[in-house]
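Notes follow the structure.
We did not get these values from a lab; they are worked out from the coordinates using the rules stated. Here the structure is a predicted model, which is why all the values come from computation and not from measurement. Here the Cβ is made from the backbone with ideal geometry for all residues, glycine too, and neighbour counts use every protein chain on show.
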Protein chains: 2
Amino acid sequence: MVKHKTNTKEKVIIATQELMTSRGYSATTVDEIIKYAGVSKGGFYHAFKSKEELTIVALEDYEEKGWEIVANGAYAEIEDPVERALAFVQFLEEKSGELWAHGCLLGSISIEVANSHPSVINRIDELFDDFEKGIEVILAPALETKKITEVSGKDLSIHLLAVIEGSIITAKSHRNPRFLQDGIARFRHYLGLLLKLDGVEKKSTHQ
Amino acid sequence: MVKHKTNTKEKVIIATQELMTSRGYSATTVDEIIKYAGVSKGGFYHAFKSKEELTIVALEDYEEKGWEIVANGAYAEIEDPVERALAFVQFLEEKSGELWAHGCLLGSISIEVANSHPSVINRIDELFDDFEKGIEVILAPALETKKITEVSGKDLSIHLLAVIEGSIITAKSHRNPRFLQDGIARFRHYLGLLLKLDGVEKKSTHQ
DNA sequence: TTGACAAGACCGACCGGTCGGTTTAAAGTT
DNA sequence: AACTTTAAACCGACCGGTCGGTCTTGTCAA
């Protein structure tokens, strides 16, 4: 009746997400993961059949939790599609520290597994695609409202994702998380120009 | 009689650049590098004192060769700062396949060394900075000409770099190099809007 | 004769993963 | 309630192999 209560899987998944986000795939060892999670090696391999399978589970859980934060933003209440799209990007900007404080799990491991772990990169591909489609639903109506055809909602979604991932890289190498926030703000500026609005310049949240 | 210079260093550097660009730092082993370069382990450790030191040399050489291609573009001949800036971005777009066909060495290893190899990430930081400053020299005069103050040349340079690095990630995970070209084209569109020009957009090809 | 350079066997630490055995707790039996 | 059964959860010593790096033994041009 009562399920066996165990949090080994959860602890391992969280440890994996945190360690791989800041070290990548290869540099994160199973021994490090189990030490960080406070779990034994036997327990680890009872819960997951391999490091590769664990990585895929961690990626899926990461996407789910991330999208839950994004989907529940106040921007969703806004009626006007144009204002909603801009508020959405500003929401990402404000939540960027919470969402990608130490990087993005997908971005951190995508490069090094692209040519060696097909199952992982395939899942990353799908998860990126899900995220893009989620963004598209928010951005496309704004373009439609303004009758803009030179750029599609899909184009913009792909671009926003690239801006986020790229800004994470520059933020990491410059050791300054501000670069991520500024990168998203710059995209918002672009979106504002596209939608032919004025006065969308950055409302700085914290210096 | 010209003394024949040993090319062990050069072969190792090229092998390192190619392998690390597509696999990252940790996943690229010294044994793989020497096999790819056709060099013995003794020769390797005679030429470089460690994998870490080699990585820094490979990064510097990578930046030098990359910037040589960028600096010699035809855009440089254009007199008008605005047209020159736009032509520069279009040049990057056209050369993106040559410059970042299999990724960017700096981006590929920056994430995984950020918290474990200070000397490497410090050099990456500086090299990114050099690249940014090089771009700034080209973009800033266009903003000045158009008397645009809401965005600085530095802001735009940082953003272009982020767009490139991020687009490389999405291109890799989607296994489609087109994403990189489109990402740069999207930046050019932004720049065009900023400079209040029309007709700089090209149709997107994402399907 | 010398010293730069190359070769590859070798080193200890560490890698991902396995294994036999122990603990835990829900369910069945009395 | 007390005991037995059962199977999942868990443990950590251990495995073969690989890691970055060292060392001895050369080769060869000056």
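Things worth noting here:
- Check on B:Glu136, within 10 Å of chain A (Cβ to nearest Cβ) and among the acidic types (Asp, Glu): no
- Of everything listed in (1) surrounded by 16 or more Cβ atoms within 10 Å (Cβ to Cβ); (2) more than 13 Å from the chain's Cα centre (by Cα), the single unmet condition for A:Leu105 is (2).
- Residue count for the range B:146-170, restricted to those that are without any contact (Cβ under 8 Å) to a residue 40 or more places away in the chain, facing chain A (nearest Cβ under 9 Å) and assigned to a helix (DSSP H, G or I): 10
- Of the residues in the range A:114-125, at least one is within 7 Å of chain B (Cβ to nearest Cβ), surrounded by fewer than 21 Cβ atoms within 10 Å (Cβ to Cβ), of a type in the set (Asp, Glu) and under 25 Å from B:His102 (Cα atoms).
- Wholly enclosed helices (runs of 4 or more DSSP H) of the range A:1-109 bearing at least 2 residues within 30 Å of A:Pro141 (Cβ to Cβ) and either near DNA strand C (Cβ under 10 Å from one of its atoms) or within 14 Å of chain B (Cβ to nearest Cβ) (or both): A:51-71, A:81-100
- Condition met for B:Val30 (of a type outside the set (D, E, K, R), farther than 30 Å from B:Phe88 by Cβ and surrounded by 12 or more Cβ atoms within 10 Å (Cβ to Cβ)): yes
- Set side by side, the residues A:Glu60, A:Glu112 differ, and just one is out of contact with any strand residue (DSSP E or B) (no Cβ under 7 Å at 6 or more places or on another chain) and within 16 Å of DNA strand D (Cβ to nearest atom), which is A:Glu112.
- Residues of the range B:7-53 that turn out to be touching a Leu at 6+ places or on another chain (Cβ under 7 Å), near DNA strand D (Cβ under 10 Å from one of its atoms) and hydroxyl-bearing (Ser, Thr, Tyr), as a count: 1
- Residues that are among the charged types (D, E, K, R), assigned to a helix (DSSP H, G or I) and surrounded by fewer than 24 Cβ atoms within 10 Å (Cβ to Cβ), drawn from the range A:171-185: A:Arg178, A:Asp182
- Candidate set: the range B:33-46, residues that are over 24 Å from the mean Cα position of the chain (by Cα) and surrounded by 19 or more Cβ atoms within 10 Å (Cβ to Cβ); chosen: the one farthest from B:Ser110 (Cα to Cα): B:Val39
- Of all residues making up the range A:143-170, the number that are surrounded by fewer than 24 Cβ atoms within 10 Å (Cβ to Cβ) and more than 15 Å from the chain's Cα centre (by Cα): 13
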